[in-house]
Amino acid sequence: MILNTVAAMSAGFVLNLMFGAPGGFLNPEKLVSAFALRLERALRKFYQDSPEAQRMAGTVLILFTLVIFAGIPLALIILGYTLLPVAGLILECFFCWLAFSIRNTRVALSRIFRAVRTGDYNRAAKSLEALTDTDCSGLDGDEIIKKAVECAADCSADNGAGSLFFMAIAGGFGGMLYRSVSVLNKTIGKSSPRYADFGKPCRILWTILDFIPAWICGIFMRLDVRFLKLDKQGCKRIFKRDRKKLSRPNLGICRSIMAGAMGIELTKEEYYKNGQLQSRSIGEQLKPCTSEDIYWANQLMCGSVFGCFVLFALIRTVFYFIL
């Protein structure tokens, strides 16, 4: 079973690099998000509008989502291995493919890089909008570059290292469990008044699950900064100073590394404190933003995720020979 997990994780990794994330109804990003939003509307009708009740409703939403999007894959994998081991392995490879997502971000960032380099900011904004699923039409050149760098940093720790870490632990089931929580965090874990209480259980759960993968990804990213001969001193300084600034601190690890390595200040995050809207940012604007920032962010993302994959696969293989 241990080697099956390594094989399934490797297959999911290669399939995503070759073909990207599956589209349509098989895309967990859209499927889990749509399910969560519908269930949220139903749960808000059954629970009172108090902090305790809303947190309970958010917890119930997490449980229902994991039962469907992680529990069903687990049942199918177990059934497959029970009836026909090859079928079980194929199913596990398939769910590892669903759980891991890096190619789509890499390709989208390359499109944005080329558009910014040629000065076609409208096309860059459209590509960024497709990547982030947010309205980017009003962004200027610098804002597009900064948001693209943030996407690369977030994808490294979340869609990349986080999914691989839990695939290494529990195969396709582990990957789907983490990916479901990750999508929920993006959907209902937002830092806004609407989700202040409802999304709190999801934010806490995702922070716990992604803590170790984010730090491991950060270690590989800092090594990659040295390998690519970027600003390692600026990276070290900004990492120490700014990594805990974000409302979701796990994302601050890779963002601070990229911001410091490139000498830029990333987009200010708006958050509510004591009912007042405030803002904070990561990094320092030491130079003008350029298309090269997107290029290097893409390289750092790919390098750190590949390093995580090799490490997790090796550790899992070593456990096989030890046990």
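Every read-out reported here was derived from the displayed coordinates using simple, explicitly stated rules and does not represent laboratory data. If you're wondering where the values come from, they're calculated on a predicted model, not measured in any experiment. Virtual Cβ from ideal backbone geometry, glycine too; neighbours counted across all protein chains shown.
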Original post:
Roughly what would the spin-label model give for residue 117 and residue 237, points 7 Å off Cα along C-beta, in nm?
Top reply: 2.9 nm
Subject >> Cβ-placed point charges (K, R +1; D, E -1), dipole of the chain about Cα centre in debye, nearest 20 >> reply: 480 debye
**OP:** Taking only the C-alpha atoms, wrap a convex hull around the stretch 69-148 and report its volume per residue in Å³ as a whole number.
**Re:** 88 Å³
Original post:
residue 191 versus residue 42, label points 7 Å from Cα toward the beta carbon: distance in nm?
Top reply: 3.2 nm
Original post:
In deg cm²/dmol, rounded to 500, what helix-only [θ] at 222 nm does the chain give when every DSSP H run of at least 4 residues adds -39500 (n - 2.57) and the total is split over its residues?
Top reply: -24500 deg cm²/dmol
Subject >> Built amide H within the under 5 Å cut-off of residue 285, gap 5+ >> reply: 265
Subject >> FRET efficiency estimate (nearest 0.05) - Cβ-Cβ, residue 137 to residue 245, R0 25 angstrom >> reply: 0.35
Subject >> Charge dipole magnitude, Cβ of K and R +1, D and E -1 - the stretch 17-169, Cα centre, debye nearest 20 >> reply: 320 debye
Subject >> Fully extended contour minus Cα-Cα distance, from residue 204 to residue 321, at 0.36 nm per residue >> reply: 38.6 nm
Subject >> ³J(HN,Hα), Karplus 6.51/-1.76/1.60, whole Hz, each residue of the stretch 292-300, x for Gly, Pro >> reply: 4, 4, 5, 4, 5, 4, 5, 5, 5
**OP:** Specify the inter-centroid distance of the stretch 194-249 and the stretch 91-167, based on alpha-carbon positions, in whole Å.
**Re:** 17 Å
**OP:** Let me know the Kirkwood hydrodynamic radius for the stretch 134-182, please, with Cα pairs as the basis and the value in Å to one decimal.
**Re:** 12.2 Å
Original post:
Structure shown: which of 200/287; 30/229; 240/268; 126/236; 45/244 lie over 30 Å apart, alpha-carbon to alpha-carbon?
Top reply: 200/287; 30/229; 126/236; 45/244
Subject >> For the stretch 90-103, Karplus couplings with θ = phi - 60° (6.51, -1.76, 1.60), whole Hz, Gly/Pro x >> reply: 5, 4, 5, 4, 4, 6, 5, 5, 5, 7, 9, 8, 9, 5
Subject >> Structure-derived percent of Cα pairs over 38 Å apart - corresponding label in (1) 19; (2) 29; (3) 14 >> reply: (3)
Subject >> Difference of contour (0.36 nm per residue) and Cα-Cα distance, residue 52 to residue 268 >> reply: 74.7 nm
Original post:
Can you run phi through the Karplus equation (6.51, -1.76, 1.60; θ = phi - 60°) for the stretch 111-116 and list ³J(HN,Hα) in whole Hz, with x for Gly and Pro?
Top reply: 4, 5, 4, 5, 5, 5
Original post:
Along the charge dipole of the stretch 2-322, Cβ charges K/R +1 and D/E -1, which of 322, 138, 195 sits furthest on the positive end?
Top reply: 322
